[in-house]
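Okay, so here's the structure we're looking at.
The values are calculated or read from the model by the stated rules, or taken from the named source; none is laboratory data. Source: prediction; values computed, not measured. Cβ: placed from backbone, ideal geometry, glycine included. Neighbour counts: every protein chain shown. Quick note on the areas: whole protein, heavy atoms, side chains included, nothing else; ligands and nucleic acids left out. Shrake-Rupley method; radii C 1.70, N 1.55, O 1.52, S 1.80 Å.
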Amino acid sequence: MKVLVINGPNLSRLDIRDSSIYGDLSYPQLVKLITDSASELGIEADVRQSDQESEIIGWLHGAADTNTPVIINPAAFTHYSYAIRDAAELVKAPLIEVHLSNPLSREEFRHTSVISGIANGTIGGFGPDSYRLALRALLTLLNK
Ligand code: DQA
């Protein structure tokens, strides 16, 4: 079983982002944690990161065409990208939104997610464990 894990803008620079919000892992360490956790569950995770809306939209189109489940941390695009929302809506396999932090406990502009409405569910606030929980939730959805 395969899952496409998409990480949005600035997540590649966890090394210089606020560790009190995003934790201590660098992006390469986060990728390893995701791929290792996935393989423990018998899932092959294809983990990608982009700072560009159009690239993320292309990956979502690919997931729609291949019926591939998606775990997505849209990062700042979460809060305003209707284009990513529309592309994510095309994915008919399960799609789970994740966040390292809990956007609802932060600045007001982070309280809106334009993605949540088309996701099967949203997991945030658990640091890297948000991805682990999303992988488990995905497995449950796929085994239904
Ligand atoms: C984030 C939360 C977003 O508000 C922020 O713009 C990010 C990361 C998170 O994982 O906590 O870049 O998606």
Among the residues of the range 65-108, the number that are more than 18 Å from SER50 (Cα to Cα) and part of a helix (DSSP H, G or I) is 7
Evaluate the following for ASN73: is it open to solvent by 80 Å² or more (accessible area, probe 1.4 Å) and in contact (Cβ under 8 Å) with a residue 12 or more places away in the chain? no
Looking at the range 18-30, can you tell me whether even one residue there is among the small types (Gly, Ala, Ser), open to solvent by less than 30 Å² (accessible area, probe 1.4 Å), in contact with a strand residue (DSSP E or B) (Cβ under 8 Å, 6 or more places away or on another chain) and within 16 Å of the ligand (Cβ to nearest atom)? no
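Say whether the condition of being within 22 Å of GLY117 (Cβ to Cβ), open to solvent by 50 Å² or more (accessible area, probe 1.4 Å) and among the aliphatic types (A, V, I, L, M) is met by at least one residue in the range 80-100. I'd like the intermediate steps shown before the answer.
As a first pass, look at the range 80-100 and keep what is within 22 Å of GLY117 (Cβ to Cβ): 80-100.
Restricting the remaining residues to those that are open to solvent by 50 Å² or more (accessible area, probe 1.4 Å) gives 80, 82, 85-86, 89-90, 92.
With among the aliphatic types (A, V, I, L, M) added as a condition, the list becomes 90.
Scanning the range 80-100, I find at least one residue that is within 22 Å of GLY117 (Cβ to Cβ), open to solvent by 50 Å² or more (accessible area, probe 1.4 Å) and among the aliphatic types (A, V, I, L, M), so the answer is yes.
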Could you tell me whether the range 65-76 includes any residue that is small (Gly, Ala, Ser), over 20 Å from LEU135 (Cα atoms) and within 11 Å of the ligand (Cβ to nearest atom)? yes
Among the residues of the range 31-62, how many are open to solvent by less than 40 Å² (accessible area, probe 1.4 Å), outside any loop (DSSP other than H, G, I, E, B) and of a type outside the set (Gly, Ala, Ser)? 7
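Residues ARG17, ARG110, ARG85, ARG13: which one is within 15 Å of the chain's Cα centre (by Cα) and basic (Lys, Arg)? Spell out how you get there, then give the answer.
Working: ARG17 fails: within 15 Å of the chain's Cα centre (by Cα); ARG110 fails: within 15 Å of the chain's Cα centre (by Cα); ARG13 fails: within 15 Å of the chain's Cα centre (by Cα).
None of the others qualify; the one that does is ARG85.
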Tell me which of these LYS2 doesn't satisfy, since it passes every other one: (1) surrounded by 13 or more Cβ atoms within 10 Å (Cβ to Cβ); (2) among the charged types (D, E, K, R); (3) free of Cβ contacts under 8 Å to residues at least 60 places away in the same chain. (3)
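In this structure, does GLN49 turn out to be within 16 Å of the ligand (Cβ to nearest atom) and over 13 Å from the mean Cα position of the chain (by Cα)? Steps first, please.
Details: within 16 Å of the ligand (Cβ to nearest atom): yes; over 13 Å from the mean Cα position of the chain (by Cα): no.
It is false that GLN49 is within 16 Å of the ligand (Cβ to nearest atom) and over 13 Å from the mean Cα position of the chain (by Cα).
Hey, among ASN120, ASN143, which residue is away from the ligand (no atom under 16 Å from the Cβ) and at pLDDT below 95?
Values: ASN120 fails: at pLDDT below 95.
Unique residue meeting the criteria: ASN143.
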